[in-house]
Amino acid sequence: MSAAPSITVASYNVRKAIGTDRRRNPQRVLDVLHEIDADIVALQEADKRFGGRGAAVPHELIDDHGMYKPVFFGVKHRRALDRMPGGKHVDSLLKINTRNMGWHGNAILVKQHIGVLDCAALDLPTFEPRGAVLAELLIDEQPVRVVGMHLDLSGLWRRRQIRAILDAVSRRPQRMPTILMGDTNEWRDVAGCLKDLEPDFHIASTGPSFHSRHPVAALDRIIVDKDLHIAAAGVHMSPSARRASDHLPVWARLTG
């Protein structure tokens with residue numbers, strides 16, 4: 001992104017759009033995203049966990065909002081019902097919405113002017129289903145790669161997952177500046193899975209983002225490779241953000 005203007009990126013664990021009042025309210029998530037006004041957003045827990053595992057923030061609501069478009073990964077969580085005779089009609093019969101936004105809850109939203117060059121859904125090693133999403137984007141004729149992730153609660157599996165993500169990035173046919181964003185579930189600043197990112201990446205100093213009512217842990221992180229400069233970074237702490245999820249969104253302004 002040499003000589004390119006700055007871009008703002010953000011990461012937000014939206015907790016399936018369930019706020020600290022235990023109510024599901026997707027509109028609050030969009031209101032917070034409007035406040036941040038980031039060019040690219042990585043979401044975690046963007047899909048419901050049970051039933052059809054459809055998007056926690058309905059596609060129609062995002063379309064009406066008009067600010068963002070989701071990157072379409074073309075994947076669907078398979079269920080036992082899908083393998084049964086007539087399984088493709090089960091969703092309509094049960095009135096279940098299975099139109100997910102991403103992969104294992106990870107999704108990427110981009111502003112309307114940003115082009116999508118390529119994308120991929122990544123499977124990650126773990127005991128429970130986990131994944132990450134990768135999008136290669138074009139911003140003002142400059143390519144940038146973004147990975148959205150939600151890592152395991154186990155430190156051992158987090159390190160394996162980071163390694164799998166870095167391996168997937170290294171296998172991409174084109175080299176471009178890369179940004180990793182998401183809920184790392186890593187309480188330590190410079191240890192655990194984050195240490196494996198050295199020396200090629202550096203971590204934005206955003207600050208603690210969890211719990212949104214009284215943030216004490218920097219679980220949500222924005223990690224950028226050394227081709228990018230972190231001009232500014234922080235946690236978005238508006239009253240709306242404190243209600244919309246148990247995590248606060250983190251953001252960073254980047255330049256080439």
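The values are calculated or read from the model by the stated rules, or taken from the named source; none is laboratory data. Keep in mind it's a predicted model, so treat the numbers as computed, not measured. Note: ideal-geometry Cβ built from the backbone for every residue, glycine included; neighbour counts use all protein chains shown.
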Inset, instruction - Considering only the range 170-181, state which residues are surrounded by fewer than 21 Cβ atoms within 10 Å (Cβ to Cβ) and assigned to a strand (DSSP E or B). - result: none
Legend entry - Check on Ala42, assigned to a strand (DSSP E or B) and modelled with pLDDT of 95 or more: yes
Inset, instruction - Output the residue which, of all residues in the range 55-75 that are assigned to a loop (DSSP other than H, G, I, E, B) and under 18 Å from Trp103 (Cβ atoms), is modelled with the lowest pLDDT. - result: Pro58
Inset, instruction - Can you tell me which residue among Leu254, Leu248 is in contact with a strand residue (DSSP E or B) (Cβ under 6 Å, 6 or more places away or on another chain) and farther than 25 Å from Arg130 by Cα? - result: Leu254
Legend entry - Every residue from the range 39-68 that is out of contact with any helix residue (DSSP H, G or I) (no Cβ under 9 Å at 6 or more places or on another chain) and buried (at least 24 other Cβ atoms within 10 Å of the Cβ): Ile40, Ala42
Inset, instruction - For Asp167, indicate whether it is part of a loop (DSSP other than H, G, I, E, B), acidic (Asp, Glu) and under 20 Å from the mean Cα position of the chain (by Cα). - result: no
Inset, instruction - Select the strands (runs of 3 or more DSSP E) contained entirely in the range 182-256, then report the ones holding at least 3 residues which are surrounded by fewer than 21 Cβ atoms within 10 Å (Cβ to Cβ). - result: 201-203, 229-235
Legend entry - Condition check for Ile114: more than 13 Å from the chain's Cα centre (by Cα) and either modelled with pLDDT of 90 or more or within 30 Å of Pro5 (Cα to Cα) (or both): yes
Inset, instruction - Only residues in the range 131-151 that are within 14 Å of Leu117 (Cβ to Cβ) and free of Cβ contacts under 8 Å to residues at least 60 places away in the same chain count as the first member; pair them with residues that are in a strand (DSSP E or B) and of a type in the set (Lys, Arg), Cβ under 6 angstrom, at least 6 apart or cross-chain, and list the lot. - result: Glu136/Arg145
